[in-house]
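The block underneath contains the structure these notes are about, expressed in structure tokens.
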Amino acid sequence: MKSYTRGGDRGETGLFGGTRVPKNHPRIAVYGALDELNSALGAARAARASDPSLKVVDEALARVQSECFAVGTILGAPAGKLPAPYDRGMPSRAVARLESEIDAWDAELAPLKAFVLPGGTTAGAALHLARAVCRRAERETVELAAHEIVAEGVLAYLNRLSSWLFVAARWVNRKQGRPETLWIRS
């Protein structure tokens, strides 16, 4: 299999089921943002390097990367053309698992009294960047949903994932001994 197909040389790409759409179609914008998100998640995994205190985050990020591929599969097909098991949308258990991890990590963090500026350790900053990319993927999905049917659970998953990434960034920075930089109004 070659690394190029020439199929998109005229500005179109194929969806699952064979439908061709322009590369600026809202559905393509969504899974382009998901591809960027998955790359940012990979960078966050790489940034954690071999710090054993962050193994739990690395394992969770690996799972989330896989879930993002599932979301891309779900959004990569017009309604009614989703392959099984994705034809039922994003499973609610994925959102519940994110919420459970958010609650566990949040329990170890100081309550927020101000906005946190993105940054901290290399891994923490990478997670903050992934959160921002996730928010864009969520916005792109909302735009798609204004024009086409979006499978059940996708928006809830992306919304919860951005919160998960924020808390994960805070947790990683704490584990690596880096205090948060709080926004101070000038």
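The values are calculated or read from the model by the stated rules, or taken from the named source; none is laboratory data. Predicted, not measured: the structure shown is a model, and the values here were computed from it. Here the Cβ is made from the backbone with ideal geometry for all residues, glycine too, and neighbour counts use every protein chain on show.
Only residues that are exposed (fewer than 13 other Cβ atoms within 10 Å of the Cβ) and touching a residue at least 40 places away in the same chain (Cβ under 8 Å): list them for segment 100-112, please.
Hit for segment 100-112 is Glu108, nothing else.
So which helices (runs of 4 or more DSSP H) stay within segment 80-186 end to end and still have 1 or more residues that are closer than 21 Å to Gly32 by Cα and touching a His at 6+ places or on another chain (Cβ under 8 Å)?
Where helices (runs of 4 or more DSSP H) fall fully within segment 80-186 and carry at least 1 residues being closer than 21 Å to Gly32 by Cα and touching a His at 6+ places or on another chain (Cβ under 8 Å), they are 154-175.
When you check Ala94 against the structure, is it under 15 Å from the mean Cα position of the chain (by Cα), among the hydrophobic types (A, V, I, L, M, F, W, C) and closer than 21 Å to Leu158 by Cβ, yes or no?
Yes: the conditions hold for Ala94.
Quick one: which residue in Arg170, Arg178, Arg139 is surrounded by fewer than 20 Cβ atoms within 10 Å (Cβ to Cβ) and modelled with pLDDT of 95 or more?
Exactly one residue qualifies, and that residue is Arg139.
What single numbered condition from (1) surrounded by 20 or more Cβ atoms within 10 Å (Cβ to Cβ); (2) within 18 Å of Lys55 (Cα to Cα); (3) of a type in the set (A, V, I, L, M, F, W, C) fails to hold for Leu161?
(2)
Restricted to segment 1-22, and to residues that are assigned to a loop (DSSP other than H, G, I, E, B) and under 23 Å from Glu67 (Cα atoms), which residue is farthest from the chain's Cα centre (by Cα)?
Looking at residues that are assigned to a loop (DSSP other than H, G, I, E, B) and under 23 Å from Glu67 (Cα atoms), I get Gly17.
Scan segment 56-71 for residues that are closer than 27 Å to Gly177 by Cβ and either part of a loop (DSSP other than H, G, I, E, B) or among the acidic types (Asp, Glu) (or both) and report the count.
Number satisfying all stated conditions: 2.
Hey, can you tell me all the residues within segment 2-13 that are at negative phi and touching a strand residue (DSSP E or B) at 6+ places or on another chain (Cβ under 8 Å)?
Gly7, Glu12, Thr13 - these are the residues of segment 2-13 that are at negative phi and touching a strand residue (DSSP E or B) at 6+ places or on another chain (Cβ under 8 Å).
Which condition does Ile74 not pass, out of (1) farther than 19 Å from Ile149 by Cβ; (2) part of a helix (DSSP H, G or I), if it passes all the others?
(1)
I'd like to know if segment 12-34 contains one or more residues that are within 26 Å of Ser162 (Cβ to Cβ), exposed (fewer than 13 other Cβ atoms within 10 Å of the Cβ) and touching a Lys or Arg at 6+ places or on another chain (Cβ under 6 Å).
No: zero hits.
Pairs please, first residue from segment 14-26 and on the phi > 0 side of the Ramachandran plot and aliphatic (A, V, I, L, M), second anywhere and part of a strand (DSSP E or B) and surrounded by 12 or more Cβ atoms within 10 Å (Cβ to Cβ), Cβ atoms under 7 Å, 6+ apart in sequence or on different chains.
Once the first residue is on the phi > 0 side of the Ramachandran plot and aliphatic (A, V, I, L, M) and sits in segment 14-26, no partner that is part of a strand (DSSP E or B) and surrounded by 12 or more Cβ atoms within 10 Å (Cβ to Cβ) comes close enough.
Taking segment 40-55, which residues are surrounded by 15 or more Cβ atoms within 10 Å (Cβ to Cβ) and either part of a helix (DSSP H, G or I) or of a type in the set (Gly, Ala, Ser) (or both)?
Across segment 40-55, the qualifying residues are Ala40, Leu41, Gly42, Ala43, Ala44, Arg45, Ala47, Leu54.
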